Amino acid sequence: MLFAQEAETEEPTIEIGEPSRPVTEFIEGQLGDGPLVTLVAGSIDVIAQVVLIFVLATVVLLLLKRLIRRAIAAAVEPKSAALTRRRNLGEERRSHAPVSVRRAQRAEALGALADSVVSVLVWTLAVLILLSTAFGISLTPLLAGAGILGVAIGFGAQGLVSDFLAGIFMLAEDQYGVGDIIDVGDATGVVEGVSLRTTRIRDVTGTLWHVPNGQIARVGNKSQEWARALLDIGVAYGTDIDAASELILTIAADMAHEEDYQEIFLDEPEIWGVENLGNDSVDIRLVVKTQPGKQYAIARELRRRVKNGFDAAEVEIPFPQRTVWLRTEQPVSLGGEDAPPFEHVLPDDAGVARARSAALRGDTSPPPADLAEAGADLDEVGDHDDV
């Protein structure tokens, strides 16, 4: 015989207790505890508590948002001493620092995030207090259910949570911003937009990449503070390396002192020496410190000027030379439709005989001009055949 025993289980329920009614107690103490008095007094009590909690939540939210706005303003326009900026070919101090657009964008993004978080927290807390005080609902089952729901959502949306957390830390640490040139591995280009979930990158071909922040394992920012243009300029092995290096440095220094480029060059150009002994050339490395994002244009202009300078100074720019043999299996005709068709050159009998003679004697010299000598070769070949 099988005995079945049902275990008693307690299902979670929302417990409703007797809420506090100070207004109701006061009115009943003055007018009595009749049904109509209790109903009116209870309604007034609930409405009063709702209004009071709403007003308090609004005041607290306004104060917190004001603090956030003041923090954003302080971050956008810091009141610290004047900043220092490297300019031209040296360092020059300025009495005031321009407002950083990058800093302003980062502060506004973090401020918007803080504003949203504060609003959600304040109103959630206000609703919970209202349910507890005005309607007498126990918050313990609600908080337990919210905790279970939060765990379920956390497991189901791990990627989304990772994207948001990575976006928050990215903004807080100022890893990159709109207008920066970054390398995130799969995509390299200019940042066109940054949100808490994704980063939009426009590469050199015009493709717009939407990269989730949680999938960015490492970031290479090519636009923060300063950049560097590296040029490996090849010269022939017979060139005087010192003279070629001096010529390259002179061309770069002249460009650095020009009015159109002196704001872009942050330091004097430098020659770091011989970078590589290649198969065809000796590479001399030129280094230029520039404003961020300007290194590519500076490098292109320097290459143009170095090429013109080498041509004028008769400095050889080496290039690899190769001999290419072309072979086709089909007859080819050159010269258009009127050209004669291509014909394969076939050896005649005398050519075959000379080839046989050369194969026997190891002679690879060109065919003899004397016919008598050619005839003697043929006789020798015939004697070998008789043998």
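Determine the pairs where a residue that is more than 16 Å from Val118 (Cα to Cα), located within region 49-61, has a partner that is polar (S, T, N, Q) and part of a helix (DSSP H, G or I) with Cβ atoms under 8 Å apart, the partner being 6 or more residues away or on another chain.
Every condition considered, the pairs that remain are Gln49/Thr133; Ile53/Thr133.
Working only within region 211-233, note down all residues that are assigned to a strand (DSSP E or B) and either within 29 Å of Tyr261 (Cα to Cα) or of a type in the set (Lys, Arg) (or both).
Across region 211-233, the qualifying residues are Gly220, Asn221, Ala227, Arg228, Ala229, Leu230, Leu231, Asp232, Ile233.
Kindly indicate whether Arg228 is within 30 Å of Glu108 (Cβ to Cβ) and either in contact (Cβ under 8 Å) with a residue 24 or more places away in the chain or surrounded by 13 or more Cβ atoms within 10 Å (Cβ to Cβ) (or both).
It is false that Arg228 is within 30 Å of Glu108 (Cβ to Cβ) and either in contact (Cβ under 8 Å) with a residue 24 or more places away in the chain or surrounded by 13 or more Cβ atoms within 10 Å (Cβ to Cβ) (or both).
Which members of region 187-229 meet the condition of being closer than 19 Å to Phe169 by Cα, basic (Lys, Arg) and touching a helix residue (DSSP H, G or I) at 6+ places or on another chain (Cβ under 8 Å)?
Across region 187-229, the qualifying residue is only Arg197.
Quick check on my filter: what residues within region 202-238 are closer than 18 Å to Lys294 by Cα and among the hydrophobic types (A, V, I, L, M, F, W, C)?
Val204, Trp226, Ala227, Ala229, Leu230, Leu231
Among the numbered conditions (1) out of contact with any Lys or Arg (no Cβ under 6 Å at 6 or more places or on another chain); (2) under 30 Å from Met255 (Cα atoms), tell me where Val190 comes up short.
Condition not satisfied by Val190: (1).
Could you list, in sequence order, the residues of region 231-282 that are free of Cβ contacts under 8 Å to residues at least 60 places away in the same chain and closer than 28 Å to Val178 by Cα?
Across region 231-282, the qualifying residues are Asp260, Tyr261, Ile264.
Would you confirm, using the coordinates I've provided, whether Arg285 is assigned to a loop (DSSP other than H, G, I, E, B), of a type in the set (Lys, Arg) and at negative phi?
It is false that Arg285 is assigned to a loop (DSSP other than H, G, I, E, B), of a type in the set (Lys, Arg) and at negative phi.
Can you go through Ile153, Ile129 and tell me which one is outside any loop (DSSP other than H, G, I, E, B) and either of a type in the set (Phe, Trp, Tyr) or at pLDDT below 75 (or both)?
Checking each option against the conditions leaves just Ile153.
For Trp272, work out the one condition from (1) within 17 Å of Asp240 (Cβ to Cβ); (2) part of a strand (DSSP E or B) it doesn't fulfil.
(1)
Among the numbered criteria (1) buried (at least 17 other Cβ atoms within 10 Å of the Cβ); (2) assigned to a strand (DSSP E or B), which single criterion is violated by Glu192?
Every listed condition holds for Glu192 apart from (1).
The values are calculated or read from the model by the stated rules, or taken from the named source; none is laboratory data. Being a predicted model, the structure only gives us computed values, none of them experimental. Ideal geometry is used to build each Cβ from the backbone, glycine not excepted, and the neighbour counts take in all protein chains shown.
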